[in-house]
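Student: Would you mind keeping the following structure in view while I ask a few things?
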Amino acid sequence: MAEGLAKKILGPSIQIQSAGSKPATVNPYAIQALREIGIDISQSHSKSIDSLPKEFLDSIDFVITLCAEEVCPVVISTAKKIHWPLPDPAQVPGSDEYKLQRFRDVRDELKNHIENFKLNN
């Protein structure tokens with residue numbers, strides 16, 4: 001969700017890559033939560049931090065981590081590090097509607113963080 005939101009909010013002039021320590025398939029609730037605000041991530045796929053090219057890692061200005069309960073991936077880079085600890089909505093038990101609402105909550109928090117980042121950087 002973070003990559004889709006960042007690309008929408010920050011625009012095409014900023015190169016954005018999202019990666020994690022344990023990539024998985026894109027969660028259908030994430031797809032639905034972003035579709036509700038006009039962002040299509042249905043063709044996206046999760047990537048491992050290890051799959052990002054070294055040239056990219058050497059040239060980035062910011063590394064933003066989102067992990068709260070899980071271990072954050074380590075990125076060896078001189079980039080400025082920012083941490084937004086957000087709960088992983090994929091780990092929440094409950095009904096489909098409850099799970100979807102958790103994804104909406106994280107979507108909205110991410111959106112606010114990214115908009116503030118845009119204003120301040």
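Values in this text are rule-based calculations from the coordinates and carry no lab data. If you're wondering where the values come from, they're calculated on a predicted model, not measured in any experiment. Methodologically, a virtual Cβ is constructed for each residue, glycine included, from the backbone with ideal geometry; neighbour enumeration extends over all protein chains shown.
Student: Please arrange Ile37, Ile31 by how many other C-beta atoms lie within 10 Å of their C-beta, fewest to most.
Tutor: Fewest-to-most Cβ neighbours within 10 Å comes out as Ile37, Ile31.
Student: Before rounding to the nearest 500, sum -39500 (n - 2.57) across all DSSP H runs of length at least 4 in the chain and divide by the residue total; then give [θ] at 222 nm in deg cm²/dmol.
Tutor: Only helices count here, giving -12500 deg cm²/dmol.
Student: Once the piece of chain linking Asn121 and Glu97 is laid out straight, how much longer is it, given 0.36 nm per residue of separation minus the C-alpha distance between them?
Tutor: Here the answer is 5.1 nm.
Student: Looking at the square roots a ≥ b ≥ c of the eigenvalues of the Cα gyration tensor of the chain, which shape do they give, rounded for a/c under 1.5, prolate if a/b is larger than b/c, or oblate?
Tutor: Taking the square roots of the gyration eigenvalues as a ≥ b ≥ c, the chain is prolate.
Student: Could I ask something else about it? Pull out the extension gain between Leu52 and Asp108, defined as 0.36 nm times the separation in residues minus the alpha carbon to alpha carbon distance; nm, one decimal.
Tutor: 17.5 nm
Student: Please give, to one decimal in nm, the separation of the simple spin-label points placed at Phe62 and His83, each 7 Å out from Cα toward the Cβ.
Tutor: Result: 1.7 nm between the two label points.
Student: Just want the answer: with Cβ charges of +1 for Lys and Arg and -1 for Asp and Glu, which residue in Gly94, Ile82, Thr65 is farthest toward the dipole's positive end in region 46-121?
Tutor: So the residue furthest toward the plus end is Ile82.
Student: What is the packing order of peptides 59-70, 91-102, taking the mean over residues of other C-beta atoms within 10 Å and listing the highest first?
Tutor: By packing density, highest mean first, the sequence is 59-70, 91-102.
Student: Through the Karplus equation 6.51 cos²θ - 1.76 cosθ + 1.60, θ set to phi - 60°, convert the phi angles of region 12-23 into ³J(HN,Hα) values in whole Hz; use x for Gly and Pro.
Tutor: In residue order, the calculated couplings are x, 7, 9, 7, 10, 10, 10, 8, x, 7, 9, x Hz.
Student: Using label points projected 7 Å from each Cα along Cα→Cβ, tell me how many nm separate Val71 and Ser21, to one decimal.
Tutor: Between Val71 and Ser21, the simple spin-label model gives 0.5 nm.
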